[in-house]
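J.: The following block contains the structure, expressed as structure tokens.
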Amino acid sequence: MKQSSTRMSASAAISICWGIKLVAILVLIVASHAALAAPAEKQVVLTGADRRAATSLNGDWASIVDPYFSGLYSFHHEEKTNGWFLNQKPKPGDSFPIEYDFAKAPKLKVPGDWNTQRDSLFYYEGPMWYERDFTYQPKQHTRTFLHVGAANYRSWFWVNGKKVCEHEGGYTAFNCDITSAVQSGANFVVAAVDNTRREDNVPTLETDWWNYGGLTREISLIELPEQFIDQYDLHLSRTEDSLIEGWVHVTDAQPGTKVEVEIPELAAKTSAIVAENGRAAIHFSVKGLERWSPETPKLYQVTLRSGSDSIEDQMGFRTVEVRGTQILLNGKPVFLRGIAIHAEAPYRTGRAYSDKDAETLLGWAKELGCNYVRLAHYPHDETMLRAADHMGLLVWSENPVYWALQFDNPKVFAKAEQQLDEEIGTLRNHASIILWSMANETPNTAARTQFIETLASHARELDSSRLITAALLVRADGHTKIVDDPLGKALDVIGVNEYIGWYEQHPETADVTDWRIDYQKPVIVSEFGGDAKAGLHGGENDRWTEEYQANIYRHQLGMLNRIQQLRGMSPWILMDFRSPNRPLQGIQDEFNRKGLISDQGQKKQAFYVLQKAYKEKTVGKPE
Ligand code: GCB
């Protein structure tokens, strides 16, 4: 008995010991997961950040690949106090080994994804460290922000070893307040950027585009007075002709602070007073305003002032609304002759970011005869919106709520909402944007519907001057396509994606397809198309050839004209783009080949089919 009880207690001790270890391991796993999965804090959002005087931090940054994130997390999954953000240098006689050295590390260009800059990083998904030195002279009574155009997906920033911010979401701009960390003379900034895909991210694990990592858009220092204009919204009233309305928000302003808005070309000027909520309400009539439209993309210089802060923006004024099944631009029905576009850089591939990228992509859209583009599947760089404003292209701008997110997870909702706040906050004054898209092809579940309905009401609170849409999936009953997704109730304009002739049946099936749309609202066919390798020729029924793709377009155009409430279309897609889901050797080679133009700029036959229809206006109702 004694022996066995001793044995028992020994084994009990062993299992208790293992139990403790197991609990400890679980705690560590949960803690490390929590550290990585907790939504990052909100950062300052600036409207018109690209109109501010700025010191560019673009160029070469030192980079260290860190797949295990050992520069930030210790073996116990805690955030280190002596992490690589300290930017230490190994020296002879060090009492502790310093195992990194930014001064010796290879460089990466910013802006730019890392995948297309170094062969070994092509498929890399994980943490990367960046470091850059800069000199700076802070001025009294100013605040300094590190403006980050986008960092995919999650990022951490330190200035001179001090943490200045953390951000989540790979396609929106944010601004870290570095006032208390920056010093006179030599400074350094360290960033960690992690593009690991996670189930509770927005977007989630699976997408049909390349997960380009890094500091993908421009980085700069923006210096602002202590009280500054962060966001503003100025738009033309839908009800009163020539009335410009909206608000200007001044950060940290006392109620009663004065704000001025001036449009010199119209000799129009107004002033208003900041209320308790930090906003000054703006209403003023202007005479002789030329409205912005695709035919006359007139932009005005608009100056905003408050205290010692001032900003000069370039803005167009127009109205957009829905009447029955019509979309009205400046009160007149408009048909959206569009094309979908990914932020893939023409000719060189990788993430697009420059004025030149925007001019090439949107230039092709104009050549196609478009008056409209769907910027999929996430907010694009502001350079695209500036170019669209100038060139006269209407825009659908999209939140990256793509396919099956964890719709029942409140943390995921918070991430989607934050990205929407940043998207609308940054881009809200571009006349080109007429549609905020909440989502793309989401499964019809109660949790999904509630999630996106809530997001849509939030978007309306943020901006009541534009229309809300989403790209829905459609059902089929024989040859009838049915649009009855309950999400349609929450939308002003219904977007539908369909792939007759590619994922479904044959191109000719479009000829016998009817549509039942259960909403009396305008409809945009937000995607259709098929793959073709540029230069590959064959019969109309030979998949992957230019002829097959052109055949899909011909049959689609006929069918689309039979949808009574069709108000626009954006076939998928302008240019081939990289996607790891598309390995077919010799044809796809990891590109989605549904582009009308190849990644190297070769136009395929379908480009000309659509161009003819757009130029001759044989698709869509005459305006
Ligand atoms: C879709 C998606 C888009 C894909 C496309 C395709 O429905 O919305 O992101 O790239 O189909 O090519 O399959």
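J.: List every residue whose amide H lies under 5 Å from the amide H of LYS80, counting only residues 5 or more places away in sequence or on a different chain, with H placed 1.01 Å from N in the peptide plane.
T.: TYR73, SER74
J.: How large is ³J(HN,Hα), in whole Hz, for each residue of the stretch 581-593 in order, when computed from phi with the Karplus curve 6.51 cos²θ - 1.76 cosθ + 1.60 and θ = phi - 60°, using x for Gly and Pro?
T.: 7, 10, x, 3, 4, x, 10, 8, 6, 6, 10, 6, 9
J.: Count the net charge of all other residues whose Cβ sits under 12 Å from the Cβ of PRO297, scoring Lys and Arg as +1 and Asp and Glu as -1.
T.: +2
J.: May I pose another question? Using +1 at the Cβ of each Lys and Arg and -1 at the Cβ of each Asp and Glu in the stretch 49-225, identify which of PRO106, TRP84, SER56 lies farthest towards the dipole's positive end.
T.: SER56
J.: For the chain, give me the percentage of DSSP beta bridges that are antiparallel, rounded to the nearest 5 percent.
T.: 70 percent
J.: Report the rotationally averaged projected area of the stretch 562-623 based on its alpha-carbon convex hull, in square nanometres.
T.: 5.5 nm²
J.: Under a Cβ-only charge scheme (Lys and Arg +1, Asp and Glu -1), can you give me the dipole magnitude of the stretch 452-521 about the Cα centre, in debye to the nearest 20?
T.: The dipole magnitude comes to about 240 debye.
J.: To continue, here is another question. Suppose every K and R has +1 on its Cβ and every D and E has -1 on its Cβ; what is the size of the dipole of the stretch 49-225 about the Cα centre, in Debye to the nearest 20?
T.: 720 debye
J.: What residues have an amide H closer than 5 Å to that of VAL474, excluding those fewer than 5 places away on the same chain, when H is modeled at 1.01 Å from N in the peptide plane?
T.: ASN497
J.: For VAL65 and GLU240, FRET efficiency with R0 = 60 Å and r from the beta-carbon atoms, rounded to 0.05?
T.: 0.55
J.: With point charges of +1 on the Cβ of Lys and Arg and -1 on the Cβ of Asp and Glu, referenced to the Cα centre of the chain, which listed residue (GLY288, ALA470, CYS176) lies farthest in the positive direction of the dipole?
T.: So the residue we want is CYS176.
J.: Counting only other residues whose beta carbon sits under 12 Å from that of GLY495, what net charge do I get with K and R as +1, D and E as -1?
T.: Around GLY495, the surrounding residues sum to -3.
J.: Turning to a different aspect of this structure: Calculate the dipole size of the stretch 387-489 relative to its Cα centre from +1 charges on Lys and Arg beta carbons and -1 charges on Asp and Glu beta carbons; express the result in debye to the nearest 20.
T.: Magnitude of the dipole: close to 120 debye.
J.: In square angstrom, what is the accessible area per residue of the stretch 49-225 with a 1.4 angstrom probe?
T.: Per-residue accessible area for the stretch 49-225 comes out at 42 Å².
J.: At a Förster radius of 22 Å, what calculated FRET efficiency corresponds to the Cβ-Cβ distance of ASP101 and GLN183, to the nearest 0.05?
T.: Efficiency at R0 = 22 Å is approximately 0.50.
J.: Taking every DSSP beta bridge that has both residues in the stretch 427-534, what percent is antiparallel when rounded to the nearest 5?
T.: Percent antiparallel among DSSP bridges in the stretch 427-534 is about 15.
J.: Hey, any idea what Rg/Rh is for the chain, computing Rh the Kirkwood way over Cα pairs?
T.: We get a ratio of 1.01 for the chain.
J.: Which helices, taking whole DSSP H runs in the chain, have alpha carbons extending 30 angstrom or more along the helix axis plus mean Kyte-Doolittle at least 0.0?
T.: Once both thresholds are applied, what remains is 2-37.
J.: Once the stretch 330-476 is represented by equal point scatterers at the alpha-carbon sites, with solvent omitted, what log10 I(q)/I(0) does the Debye formula produce at q = 0.16, 0.19 Å⁻¹?
T.: Listed by q, the Debye log ratios stand at -0.88, -1.16.
J.: For a quick size check, give me the Cα extents of the stretch 335-615 along its three principal axes, largest first, whole Å.
T.: On the principal axes, the stretch 335-615 reaches 51, 46, 35 Å in Cα extent.
J.: Grab the DSSP H runs of the chain that are 4 residues or longer, score each as -39,500 (n - 2.57), total them, divide by all residues and round the 222 nm result to the nearest 500 deg cm²/dmol.
T.: Helices in the chain give a 222 nm mean residue ellipticity of -6500 deg cm²/dmol.
J.: Expressed in nm to one decimal, what extension gain is obtained for the pair VAL322 and GLU276 from 0.36 nm per residue of sequence separation less their Cα-Cα distance?
T.: Result: 13.2 nm gained on full extension.
J.: Hey, can you find the accessible area per residue of the stretch 241-384 for me, probe 1.4 Å, expressed in square angstrom?
T.: Averaged over the residues of the stretch 241-384, the accessible area is 38 Å².
J.: Within the chain, what whole-number % of the accessible surface is contributed by carbon and sulfur, with the 1.4 Å probe and all protein chains included in the calculation?
T.: 53 percent
J.: Here is a further query. Exactly which trypsin sites (Lys or Arg not before Pro) in the stretch 74-128 are in a DSSP loop and have at most 16 other Cβ atoms within 10 Å?
T.: When the trypsin sites (Lys or Arg not before Pro) of the stretch 74-128 are filtered for loop state and at most 16 Cβ neighbours within 10 Å, LYS80, ARG118 remain.
J.: For the stretch 65-82, take each phi angle, set θ = phi - 60°, evaluate the Karplus expression 6.51 cos²θ - 1.76 cosθ + 1.60, and give the result in whole Hz per residue in order, putting x for glycine and proline.
T.: Working through the residues one at a time gives 6, 9, x, 8, 6, 6, x, 10, 10, 7, 4, 8, 6, 9, 5, 6, 8, 10 Hz.
J.: Using each residue's phi in the stretch 478-489, evaluate 6.51 cos²θ - 1.76 cosθ + 1.60 at θ = phi - 60° and report the 3J(HN,Hα) Karplus result to the nearest Hz, with x for Gly and Pro.
T.: x, 9, 9, 8, 10, 10, 9, 4, x, 4, x, 4
J.: Using the per-residue mean of other Cβ atoms lying within 10 Å as a proxy for protection, in what order, highest first, do the peptides 405-415, 187-197, 146-156 fall?
T.: 146-156, 187-197, 405-415
J.: Between the alpha-carbon centers of the stretch 188-242 and the stretch 66-87, tell me the distance in whole angstrom.
T.: When both Cα centres are located, 26 Å separates them.
The values are calculated or read from the model by the stated rules, or taken from the named source; none is laboratory data. It should be emphasised that the depicted structure is a prediction, and the values quoted were computed from it without experimental measurement. Every residue, glycine among them, receives a Cβ derived from its backbone with ideal geometry; neighbour counts consider all protein chains shown. To get the accessible areas, we keep the full protein, side chains included, count just its heavy atoms, and leave off ligands, DNA and RNA. Shrake-Rupley method; radii C 1.70, N 1.55, O 1.52, S 1.80 Å.
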